[in-house]
Amino acid sequence: MSYFLPHLTNGWQVDQAILSEEDRVVVIRFGTDWDAQCMQMDELLYSIAEKVKNFAVVYLVDINEVPDFNKMYELYDPCTTMFFFRNKHIMVDLGTGNNNKINWALDDKQELIDIIETVYRGARRGRGLVVSPKDYSTRYRY
């Protein structure tokens with residue numbers, strides 16, 4: 001489903017997407033279209049894009065095609081989702097220790113909608129860090 005969502009093909013487009021959006025959260029999935037995790041995340045993002053269009057906009061960025069942000073945002077995982085609001089990176093406390101991004105593929109539509117809505121509400125209040133409605137610290141037990 002990645003071909004239904006808008007792709008940003010260079011660093012300038014990514015910057016403009018983040019800078020130009022004043023009233024909505026910018027959700028950017030960094031990764032590659034052929035990766036299985038990214039395919040799962042793209043499917044989920046596409047399925048909720050219409051539901052969250054009033055308070056969020058979704059973009060995809062191929063980290064091989066646009067390597068400009070790989071070091072800055074530490075994009076070493078195959079699939080990474082980040083949130084921005086009014087040119088500010090919004091961090092989300094998911095209980096995993098990494099507050100900068102979601103670096104796994106979610107599998108529940110409502111969970112992702114809740115996270116985006118929490119980011120939107122917190123960012124509108126001027127918060128740079130919001131707490132996720134669900135704790136993901138026990139998600140991957142070994």
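No lab work stands behind these numbers, since they all come straight from the coordinates. Small disclaimer: the values here were computed from a predicted structure and weren't measured. Backbone-built Cβ (ideal geometry, glycine too); neighbour counts: all protein chains shown.
Annotations for the structure displayed:
- Extreme residue, nearest to the chain's Cα centre (by Cα), among residues of the stretch 72-119 that are among the aliphatic types (A, V, I, L, M) and under 20 Å from E22 (Cα atoms): M82
- Unmet requirement for N64, which otherwise passes all of (1) assigned to a loop (DSSP other than H, G, I, E, B); (2) surrounded by fewer than 17 Cβ atoms within 10 Å (Cβ to Cβ); (3) in contact (Cβ under 8 Å) with a residue 60 or more places away in the chain: (3)
- Members of the stretch 95-115 found to be of a type outside the set (D, E, K, R), out of contact with any helix residue (DSSP H, G or I) (no Cβ under 8 Å at 6 or more places or on another chain) and not in a helix (DSSP H, G or I), listed by number: G95, T96, G97, N98, N99, N100, N103
- V58 being buried (at least 20 other Cβ atoms within 10 Å of the Cβ), in contact (Cβ under 8 Å) with a residue 40 or more places away in the chain and assigned to a helix (DSSP H, G or I): no
- Residues (more than 16 Å from H89 (Cβ to Cβ) and either in a helix (DSSP H, G or I) or among the hydrophobic types (A, V, I, L, M, F, W, C) (or both)) located in the stretch 21-34: W34
- Hits in the stretch 10-32 (condition: buried (at least 16 other Cβ atoms within 10 Å of the Cβ) and not small (G, A, S)): V14, I18, E21, R24, V25, V26, V27, I28, R29, F30, T32
- Cross-chain or 6+ apart pairs with Cβ under 8 Å, the stretch 77-102 first and closer than 17 Å to F55 by Cβ, then among the hydroxyl-bearing types (S, T, Y) and not in a strand (DSSP E or B): M82/Y73; F85/Y120; V92/T118; V92/S132
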